[in-house]
Amino acid sequence: MCAAAFVSCKKEEVKVAEPQLEEVQLEEKAAYVPTMQWTAYKTPEKIGVSGTFNTIELTGTKDSGKIEEDLKGAAFKIVTSTVNSKDPIRDGKLAENFFKLMAGDITGKFVDFKEGKASVEITMNGVTKQKEFAYTVAGETLTFNGTVDIIADFSAEKAFNTLHELCKDLHAGKTFTEVDVKGEITKK
């Protein structure tokens with residue numbers, strides 16, 4: 001009973017909560033939706049393995065009415081941890097034993113579009129290289145195709161060698177450094 005009297009006589013502090021300001025962020029609606037498919041090659045027979053990335057960001061597009069002009073100067077970021085080959089085991093190996101061994105995500109920008117050739121500046125593994133891709137436009141979609149070399153273009157020997165050693169038996173001792181890239185950018 002003494003304890004009850006002690007507790008009940010205790011002065012209680014009342015804290016008044018300050019109003020919390022809710023941060024409102026306006027979502028910028030992208031005018032274009034990018035997708036990309038990559039195909040890497042393994043085994044002496046050069047068997048292709050394809051995949052995508054679940055997160056590709058495209059910023060800095062314009063709205064001129066001509067897709068090439070709209071994309072000229074636009075920047076992209078490919079979040080490499082979102083690699084998706086429809087095989088979770090392979091995706092884990094690629095994320096941890098390949099992309100994680102390189103410097104950051106893949107970024108770049110579209111430099112120019114002329115005579116069916118798209119000049120694209122790509123930064124991968126901390127190396128920036130301007131590559132040329134063939135492109136076509138059909139309706140509201142620009143499609144581009146080309147090849148990058150993981151070692152010759154982006155000095156990713158460490159990542160490549162780690163993945164090659166990890167998959168040596170599955171690849172029958174052969175992993176190619178060239179990767180074919182096909183991208184599509186469609187106006188919303």
Restricting attention to the stretch 104-111, does a residue exist that is in contact with an Asp or Glu (Cβ under 9 Å, 6 or more places away or on another chain), in a strand (DSSP E or B) and in contact (Cβ under 8 Å) with a residue 40 or more places away in the chain? yes
Test: residue in the stretch 71-79 that is surrounded by fewer than 19 Cβ atoms within 10 Å (Cβ to Cβ), touching a residue at least 60 places away in the same chain (Cβ under 8 Å), in contact with a Leu (Cβ under 7 Å, 6 or more places away or on another chain) and part of a helix (DSSP H, G or I): no
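Condition first: more than 19 Å from ALA95 (Cα to Cα) and either surrounded by fewer than 18 Cβ atoms within 10 Å (Cβ to Cβ) or among the aromatic types (Phe, Trp, Tyr) (or both). Now tell me which residues in the stretch 147-168 satisfy that.
THR147, ALA152
Look through GLY104, GLY116 and report the one residue that is modelled with pLDDT of 95 or more and on the phi > 0 side of the Ramachandran plot.
Numbers: GLY104 fails: modelled with pLDDT of 95 or more.
Checking each option against the conditions leaves just GLY116.
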Test of understanding: among ALA159, ALA118, ALA152, ALA172, which residue is in contact (Cβ under 8 Å) with a residue 12 or more places away in the chain and either among the β-branched types (Val, Ile, Thr) or part of a strand (DSSP E or B) (or both)? ALA118
Given the conditions (1) in a strand (DSSP E or B); (2) surrounded by fewer than 15 Cβ atoms within 10 Å (Cβ to Cβ); (3) within 17 Å of the chain's Cα centre (by Cα), report the number of the one that LYS86 does not fulfil. (1)
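Looking at this structure, is THR52 closer than 18 Å to ALA95 by Cβ and surrounded by 13 or more Cβ atoms within 10 Å (Cβ to Cβ)? Step through it out loud before you land on a result.
Details: closer than 18 Å to ALA95 by Cβ: yes; surrounded by 13 or more Cβ atoms within 10 Å (Cβ to Cβ): yes.
Judged against the criteria, THR52 is a match.
The values are calculated or read from the model by the stated rules, or taken from the named source; none is laboratory data. What you see is a predicted model, and the numbers here were worked out from it, not measured in a lab. When we count neighbours, we look across all protein chains shown, and the Cβ atoms used for this are built from the backbone with ideal geometry, even at glycine.
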